[in-house]
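Inspection log for the structure reproduced underneath, given as structure tokens.
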Amino acid sequence: MDTAQRTILVTGATGNVGRQVTCQLLTTDVRVRALTRSPAAADLPDRVEVRQGDLFVPRDLEEAVRGTDAVFLMWPFHTADRAPAVVDALAPHTKRVVLLSSGAVRDGLTHGQQPHPVGRCHRAVEQLIEYSGLRWTHLRPSTFAANTLWWADQIRSGDAVRGAYGAVPMAPLHEADIAAVAVRALTEEGHDKAAYTLTGPDVLTQAEQVHIIGEALGRPLRWEELSREAARRRLLADDAFPDSFVKVLLDTFAEMLDAPRPVTTTTVEEVTGIPARTLRQWAVDHAADFRRHP
Ligand SMILES: NC(=O)c1ccc[n+]([C@@H]2O[C@H](COP(=O)([O-])OP(=O)(O)OC[C@H]3O[C@@H](n4cnc5c(N)ncnc54)[C@H](OP(=O)(O)O)[C@@H]3O)[C@@H](O)[C@H]2O)c1
């Protein structure tokens, strides 16, 4: 298919996934437009058409989306209260939306029936898009491998990661794999009305993840279990971690400990032809983020 004239808008283009989507789209024939609130700080490749804008300012969004064929939409908020205005701004000016949703969304339930607050928020955005008349694809990723960057300070300064719920199992997913699926859905036919559940290839506890990152860095690292209260205090003292998210995170870990063990999917490979990257590969790709400063 000739994609030479198509333009795709990437929201969240400076984030973990959006930056990958932006860069991977540059390897296709489409024009790439990126939305950020701070173009000067965005540090995006020269070939990207960077637009200043806030998702909560409909005029910004309308100007950015006008003339596009597709939008990669991410929703970096804890509620969907302001999502109707965003979908209304997109719908007249583009043809399809690929939404970065969440693996917390339970299939077959409306947003009101979702058991988890993250699932409720993302399902509400999904539903708005489904009702908008736009062509759509939802991406429902498992835990991002990039969440382990929360441990970067501890790994830079010592050999132990201290936290609660070290036995919680999850299937960490490389942001490059989420982006690879997004790029297919944005540029190819055959992904309409699909809700893709994406996971990494392995189920690993938090303690196992620390060990694997250590192997990739060539340093022995270990998990050191804290009580929930000690972990809570530690997270609240961390300026990089939003206080409002501390209870949600710890509650989520507690629920995951009691829930059935996560199941991996092969959707990344089915959509892209390439198996999902391992956590070890992710850690090699991000080794610089954990390296001790001289
Ligand atoms: N972490 C996980 O394990 C996980 C798992 C499943 C799903 N998710 C979902 O993935 C999403 C997070 O993706 P990510 O990690 O790639 O994001 P991220 O790295 O946290 O980046 C956030 C992005 O949001 C943009 N942004 C924030 N507020 C904005 C606003 N008002 N208007 C426009 N842009 C705004 C920022 O852009 P600028 O600052 O440049 O404007 C930035 O690019 C969330 O929806 C989360 O629920 C996460």
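Mind running the shape call on segment 142-294? Use the C-alpha gyration tensor, a ≥ b ≥ c as the square roots of the eigenvalues: rounded below 1.5 for a/c, prolate if a/b tops b/c, oblate otherwise.
Values: a/c = 1.99, a/b = 1.51, b/c = 1.32.
Note, shape of segment 142-294 comes out prolate.
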Measuring from its Cα centre, the chain shows a charge dipole (+1 at each Lys and Arg Cβ, -1 at each Asp and Glu Cβ) which, in debye to the nearest 20, is 240 debye
Where a ≥ b ≥ c are the square roots of the eigenvalues of the C-alpha gyration tensor, would you call segment 251-294 rounded, which needs a/c under 1.5, or, failing that, prolate if a/b is larger than b/c, or oblate? oblate
The chain: relative contact order in percent, alpha carbon pairs under 8 Å with at least 6 residues between: 16 percent
For Lys193, put the label point 7 Å out on the Cα→Cβ axis and report which residues of segment 131-149 keep their amide N under 11 Å from it. 136
Out of every Cα-Cα pair in segment 7-141, what percent are more than 26 Å apart? 19 percent
Let's see if you can work this out: charge +1 on each Lys and Arg Cβ, -1 on each Asp and Glu Cβ, no other charges. What is the dipole magnitude of segment 7-141 about its Cα centre, in debye to the nearest 20? 180 debye
Around Ala230, under 12 Å between beta carbons, what's the net of Lys plus Arg minus Asp minus Glu among the other residues? +2
Quick query: amide H of Ala276 versus all other amide H atoms, modeled in the peptide plane; which residues come in under 5 Å with a sequence gap of 5 or more or a different chain? Glu269
Report the Cα centroid-to-centroid distance between segment 207-269 and segment 92-120 in angstrom, as an integer. 24 Å
Sequence ranges 129-135, 252-258, 17-23, ranked by mean other-Cβ count within 10 angstrom, highest first: 17-23, 129-135, 252-258
Listed residues Glu224, Glu189, Glu269, most fluctuating in the chain (Gaussian network, C-alpha, under 10 Å): Glu189
Return P(r) of segment 199-284 (all Cα-Cα pairs; 10 Å bins starting at 0; whole %; ordered from short to long distances). 15, 32, 39, 13, 1
So what does His293 come to for accessible area, using a 1.4 Å probe and Å² rounded to 10? 140 Å²
Computed on Cα atoms, the radius of gyration and Dmax of segment 110-205 in angstrom are 16.7, 52
Output row, site Phe56, 7 Å Cα→C-beta label point, backbone N cut-off 16 Å, window segment 5-20, residues 12
At a Förster radius of 25 Å, what calculated FRET efficiency corresponds to the Cβ-Cβ distance of Ser227 and Arg292, to the nearest 0.05? 0.35
Note on the chain: C-alpha Rg/Rh, Kirkwood Rh, two decimals, gives 0.96
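The values are calculated or read from the model by the stated rules, or taken from the named source; none is laboratory data. Keep in mind the model is a prediction, meaning the values are calculated, not measured. Quick reminder, even Gly has a Cβ in these numbers, built from the backbone with ideal geometry, and neighbours come from all protein chains shown. The protein model used for the area step is the full one, side chains on, heavy atoms only, and it has no ligands, DNA or RNA in it. Shrake-Rupley method; radii C 1.70, N 1.55, O 1.52, S 1.80 Å.
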